[in-house]
Structure formats: C-alpha cells, structure tokens
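These notes are about the structure you will find just below.
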Amino acid sequence: MTASASAPDGATLAVGGYREITLWDTATGKLKQRLPCAMERTLDLVWIVTGTDNTPALLAAGGSPGRAGALWLLDTTGREPPRRLLQTRDTLHCVAAPADGSFAVTAGATNTLHCLALPGGKTRWEIEAHSDWVMDLALSADSQWVASASRDRTARLLSAEKGEVEATFMAHGAAVTSVLFAGDGQSVYSGSADGEIRNWNLQGEGNKDTTLKPGRSEITALALTGKELLATLADGRLVPLDLSKRSALAPLLTSDSRLEIARLWRGGEHEPWMLLAGGLDGRIHRLHLPPPQPPPDKVENDDNKPAAEDETAPQPEAPALPPPLQFIASPGW
C-alpha cells in the first residue's frame, strides 16, 4: 500500500489498491466502499470538494511504471463517472491540492510538475523543475507555495500561481524523498534516502542546527503535530522528533514492513490527533496521540506575584484515548 488520504471529517480513509480505491471506516476498520480506478497502481491520494454543493471527491495519481501515468478525479458519491484529468508517459508519484479543489499540482517520473485548474483540468502551468524523478510534493497552508522533493538530491520551492522556481535547497547528500511545510509556513522540512531531515527557509537556506536524524533509513513520509515532527522510515519505524530539543523520541510504531504513509487528523485544537500509518504489507495502524496540555493556571497573591502551585490540588485527568486499531486495507505490495 503506497497511497492513502483521510477525509476532511476524519471518518473515512481512502486507500489505493490494484485498479481500485477502497474507503474504510477509521473508527472500526470496516470497508465502506470500493471505487473503480483505471490505473494499475495508485501512488498518492488527496481529498477535495467539488461543485457548489461541496461534493467529496478524490484526486488519484499513479499509473503503470515505465509505461504511463495519470491523474484521475473520482466522485465518491457515485453520481459522476471517474474522469482522467492528465495523462503522462510515465508514472505520477504525487499530487497536492487545497481542500477547496481549485487546483492540483502533480509530478512523478517525467521530472515535470503539472498544475491543473479544477474541476475542468485545464493546464495552468508545467515546468521540468528537476533532473530526476519527483518523489513528493507539499502545498503551503495558504496555497501560495509548492515544495518538491527529487531523486536529483534537491528540494525546490515554486510559486503555485505561476510555477516559477523561487528557491532551491541543495544540502542533501542523497535523494530527497519527502517534503512538508512547517506549521508557520515559513520553512520546509525535507527528508532523504540517507535518513536525514533538514529544515530550510523560503529562500532555500538551511536553518542552523536543525538537521534531524531519526535513523539510518530512508524517510518515506513526514507529518507534523505542532511540537513534534513524525517520520515514517523504510525500516518500518514511525519516529516522533521533538523539534524544541532536536532529538528523536521512542518509536510510536514498529512494523515488519516498510512504512510509506502517515496521515494526521483531529477535530479541534484541544482534541487528540488521530494518526493513520501504513506500508507495503497493506496494514493500516491507527493510533491516537494526546493533545498538548495547557500550562497550569497561575494564582495571583496579594502582591500581584504568582503564587506557588498547590501540589495537593487535584490535577485534571488526561482524556481517555481510543485503543489502537489495526486492519488490512490491501493485499500488500
């Protein structure tokens, strides 16, 4: 399994399969729906909404290695047939799009980034931004920037409006395999095949002392909770990294198979994160991460100075989290 996407409400997980997309209930792990897809392999998925009624839809990128690639738009309600938006001469590895479905950027083994206006699919721009395969794409929260990762050992920042390369990060010593914008949108994390994660600004300059090393294994995917960066590794581990201390923590998950995907969702600022991870064995692992605890209220004394905390006062209990869940979503790779 190499593709998944969590629906905007968190209740459904879309998973790429052989010539189909399957939809799963994230609460129970039960199959909800099968969507036929003409592609042999689906390598990336993104949920969007379309039409005036905000119909939920999926963008699916993939193809047949060495023969053809495609980007498809799939109406999850079944009212509209699947529609191919783009065809390329080799596989598309990744797709990024804002939730409103106004446009999509996709790229892959042709080294070219394509930006399409949605829902029609008209090309807005194309650029051969790399000299080798594009492995991953990320879109900034404000939809102004696109970050790309490539086997040519570079990561790039492009204008989402015009497709112009604005910055290039060249400090990686191996193929760049994953990219993710920081929470403030002012920097990018990029992971590489030699197990390093680097942080660089929108000018393509590496931020000092921010190289993270969760292990000597390819960084296959990145996700961000706020204070922690999550990395899935080719050796089957999912490792959280404390950004304030720039250190790797104990793995949240250890799998016998290569992990490829990590998706996060939560219903609100004070709700726990739901983490969905999976890999080449076709198994989905669902974990819930506790929300950050607010600092304790300080009591002011008569001198307007913070009073010492009362250690005997009852402390609020941590919210109960749903138990971990595992289910098979595809027959494996």
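Return the label of the correct value of volume of the Cα convex hull per residue in Å³, as calculated from the structure shown, out of [x] 161; [y] 182; [z] 147.
Answer label, from the structure shown: [x].
Which residues' amide hydrogens lie under 5 Å from the amide hydrogen of residue 187, considering only partners 5 or more residues apart or on another chain, with H built in the peptide plane?
Here 182 satisfy the definition.
When the Karplus curve 6.51 cos²θ - 1.76 cosθ + 1.60 is applied with θ = phi - 60°, which whole-Hz ³J(HN,Hα) does each residue of the range 145-162 get, with x for Gly and Pro?
10, 10, 10, 10, 10, 9, 5, 6, 6, 10, 10, 10, 10, 10, 6, 5, 6, 10
Quote the relative contact order of the range 190-282 in percent (integer), defining contacts as alpha-carbon pairs under 8 Å separated by 6+ residues. Display every interim value, and only then the final one.
Details: 213 pairs, mean separation 18.5, N = 93.
Relative contact order of the range 190-282: 20 percent.
With the cut-off at 25 Å, report for the range 1-122 the share of all Cα pairs above it, as a whole percent. It would help to have the intermediate numbers written out before the result.
Details: 1137 of 7381 pairs.
Everything past 25 Å amounts to 15 percent.
Explain nothing, just compute: Karplus ³J(HN,Hα) = 6.51 cos²θ - 1.76 cosθ + 1.60, θ = phi - 60°, for every residue of the range 244-258 in order, whole Hz, x for Gly and Pro.
6, 9, 6, 9, 7, 9, 5, x, 7, 8, 10, 10, 6, 10, 4
Using the Karplus equation 6.51 cos²θ - 1.76 cosθ + 1.60 (θ = phi - 60°), what ³J(HN,Hα) coupling, rounded to whole Hz, does each residue of the range 63-78 give in order, writing x for Gly and Pro?
Coupling constants for the range 63-78: x, 10, x, x, 10, 6, x, 7, 10, 10, 10, 10, 7, 6, 7, x Hz.
Bear in mind these aren't lab numbers, they're just calculated from the coordinates by the rules spelled out. Bear in mind that the values here come from a model prediction, so they are computed numbers and not experimental data.
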